[in-house]
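What follows is a short report on a single structure.
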Amino acid sequence: MINLSQLLGDIAALLIALSGLAVIIGVILIKRGDRVWHPRVMLTATGLAALFLVFYLLKWGLFGTTRFAGPEEWRGAYYALLISHTILAALNGPLVLWLIFNARKQRFSTHKAWARWTVPVWLYVAATGWIIGQILHNYGESAEGIGF
Ligand code: HEM
């Protein structure tokens with residue numbers, strides 16, 4: 001039988017990974033001077049990250065949080081990953097909106113200066129988001145105890 005909670009988590013993990021890949025492609029495009037496809041791909045990356053949030057919140061709203069139930073010696077590393085991911089993910093939202101705002105206003109030197117920080121933050125959030133998704137897929141259990 002399909003486990004809906006796990007399915008929503010898997011979709012969320014896929015979406016955040018795809019948003020990271022789109023950011024990498026968007027950076028390559030602008031490095032090649034493509035001012036048409038760079039914004040398109042970056043806005044796609046933003047849409048994928050927003051969609052990730054929808055699936056993540058849907059899972060959270062319907063099934064609550066998922067607890068780490070893997071090997072004890074991994075617990076510290078897992079929480080370090082989760083906390084750094086969560087803090088930087090919260091920071092990434094306003095950073096991305098600020099980048100888009102500056103691009104729309106044609107303030108490209110400001111856009112470039114902030115992009116230098118935002119891109120690594122976004123890639124860290126996407127990579128750790130995907131890793132956390134894989135860990136919870138294999139070692140997660142519902143915090144409510146109603147079966148994950
Ligand atoms: C939303 C996420 C976005 C990210 C993460 C992002 C990231 C970047 C990065 C890394 C650069 C290159 C900086 C460098 O060469 O050192 C750049 C440049 C640029 N971006 Fe974006 N960008 C985003 C959205 C947009 C949008 C929506 C536009 C719309 C017009 C845009 C237009 C440009 C342009 C024209 C440049 C070249 C600036 C220049 O060389 O003077 N970007 N962006």
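The values are calculated or read from the model by the stated rules, or taken from the named source; none is laboratory data. Only a predicted model underlies this, so the values are computations on that prediction, with no experimental measurement involved. Virtual Cβ from ideal backbone geometry, glycine too; neighbours counted across all protein chains shown. We work out accessible area using only protein heavy atoms, side chains counted, and drop any ligands, DNA or RNA first. Shrake-Rupley method; radii C 1.70, N 1.55, O 1.52, S 1.80 Å.
Can you list the aspartates and glutamates whose alpha carbon is less than 15 Å from that of K59, not counting same-chain residues fewer than 8 positions off? Answer for K59, where 15 Å is the Cα cut-off: D10, E141, E144, listed by chain and number. Largest mean-square fluctuation among T110, T46, T65, in a Gaussian network model of the chain whose springs join Cα atoms under 10 Å apart, belongs to T110. Residues in the range 4-142 average 61 Å² of solvent-accessible surface per residue, probe 1.4 Å, ligands and nucleic acids excluded.
Counting other C-beta atoms within 10 Å, and keeping those with at most 12, which DSSP coil chymotrypsin sites (Phe, Trp or Tyr not before Pro) do you find in the range 102-134?
Filter output for the range 102-134: empty list.
Estimate the FRET efficiency between I28 and A90 by the formula 1/(1 + (r/R0)^6), using the beta-carbon distance for r and 25 Å for R0, to the nearest 0.05. The computed FRET efficiency comes out at 0.40. Estimated purely from DSSP H runs of n ≥ 4, each contributing -39500 (n - 2.57), the mean residue ellipticity at 222 nm for the chain is -28500 deg cm²/dmol once divided by its residues. In a DSSP loop and with at most 12 other Cβ atoms within 10 Å, the trypsin sites (Lys or Arg not before Pro) in the range 1-81 are R32, R35. Helix 75-104 axis versus longest C-alpha principal axis of the chain: approximately 30°, rounded to the nearest ten.
Could you work out what % of the accessible surface of the chain is carbon and sulfur, using a 1.4 angstrom probe and leaving DNA, RNA and ligands out of the count?
Carbon plus sulfur share of accessible area: 70 percent.
Dividing the mean sequence gap of close Cα pairs (under 8 Å, 6+ apart) by how many residues the chain holds gives a relative contact order of 38 percent.
Computed from the C-alpha gyration tensor, the three semi-axes of the ellipsoid equivalent to the chain are 32, 15, 12 Å, from longest to shortest.
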